[in-house]
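Down below is the structure, laid out as structure tokens.
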Amino acid sequence: MKLLRGLFVLALAIAFTIPALAETQSIKLSGDVIVRHIMRDDYDFNKHDDDVADTDASYFMHNAEIQLDADLTDNVSATIRVMNQTDWNVSYITEGANTHTDYDPHAVVGAGGLDGPQDNYGEFDVIVDLAYVTLKEFFFTPLTVRIGKQDIWFGKGFIIGGLFDDPNGQISGDEWSTNNSFKAIRATWDYEPWTIDGVFAMIEENEVQADDDQQLYGVNVGIDLSEYKNAEVEMYYWYMIDDEIPNFITSKEDRIHVLGTRGSFDPHEDITLFGELALQGGTYIANAVQPEPKKRNAWACDLGADLRLWEDDYAWRPVFGAEYIFYSGNNEHNTTLAGEDFKGWNRMFRGKLDSAIHDHYNVFYTAGMPTTERADTNLHQFILKWGLQPMDNLSVDGRYIHFRLHENAWGPSNAAGTMGYGVQEKGVGNEVDIEWTYEYTEDVTFGLLSAWFWSGDYYWTPEDTDSTAAVVAGANSGSSKSVAREVVATCKVSF
């Protein structure tokens, strides 16, 4: 309650200050509060090693946001959104060599091996998520310019969609972050049926030294062809400069060029087909002493269909869909040898998430993971989707996803810690996600997500019941192998 009162006071202070500084036509106050309980188990597929960081968890968290939209003089507006996102009452408790999160409001630092709430944890930190000015009809009628910290999402979010940023380390699951904005300048030329966007975004600035910026430039051209079977087409080019890894030998830095196209149309009024194809070029720098930059040569695609053929024929309004996603990969992570192109796909700033568990392996969760293979490269994904509406205010959505490697990758460690076992195995696993959404009122929504991931032949847990040496790839069974599971209960209030 103290946090919410603080956010309201800040928003009201801004609201009363703006009229004194500018001619304000109207002010709109909105926001939401999202509370989740997250249970995660056996993300390392080993049922005998409990409480491993990132692989087992049970905790509450919340996201609280307040947004202020102010219309100023003609065609000028400003938006500010402040937020707090945090795990509830988390401190760090040390027991021998193990450190995990827990809460003891009366703990004394150092007493009995317990540390109370950490001063630098930032549980009550307020983040400025949005802060931008919109200038409509900027010199020309079709031109709109937006300057500041803003959300940017193109198409299905396959390339540009979000940062999933947690700047103060306040939450344990970054996939639940609502701080997805870019520090950017965006110009939109809207001349029907064409829409042309130009974007400059500063991702990281002067993180280590004066010339180590990470910057994003891009152009997205869209055309609305809705008169022809509800069709749409987009073409885009993105260029990312990443100077965070300076190379001392070649003085070259990481560069990524992305050229792609996306489209969709309805061949039948109850069928939607969609697809996206993107190519990546540029240079790849893995470390500061790489002998020479490697040429990037990667690609990705997303193809699918949504079927609403029976939605109006049955009381539960069933809908179905299928999707195939591909990310090119580098053979056995051979990233440093000269003379070979680097074929690993870079996720850029993808906002689209396709699974509840595997999408986050070695992306958001790294500690205790059975391998270093990322879930956003070198992968085939086959997805079947369905949805039902048993009641007007109750819906159920489900997904089945099959994952398979494209190129051979370094397998998990064996008991001696040697990498590379079973590199011929490409079966990553299968996942099932089921999500219930109940609209209690127009403002209050409850949700329940359940997810299971069955690891494939690429992973294997030894028969040794006490083994924490994780896994060996190349075998397809083991008595200690378990299913990774997640359950997330959500309550959301919007106003």
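We did not get these values from a lab; they are worked out from the coordinates using the rules stated. What you see is a predicted model; the values in this text were computed from it and never measured. As a convention, Cβ positions derive from the backbone with ideal geometry for all residues, glycine included, and neighbour counts pool all protein chains shown.
Assorted remarks:
- Each Lys or Arg adds one and each Asp or Glu subtracts one; over the other residues with Cβ under 13 Å from the Cβ of LEU384, this totals -4.
- Using the Cβ of GLY456 as centre and a radius below 9 Å, the other residues enclosed give a net charge of 0, where K and R count +1 and D and E count -1.
- Taking amide H as placed 1.01 Å from N in the peptide plane, ILE203 has its amide H under 5 Å from the amide H of GLN214, GLN215, LEU216, each at least 5 places away in sequence or on another chain.
- Formal net charge of residues neighbouring PHE342 (Cβ-Cβ distance under 10 Å; K, R +1; D, E -1): +2
- Less than 5 angstrom separates the built amide H of ALA375 from those of TYR361, VAL363, all sequence-distant by 5 or more or on a different chain.
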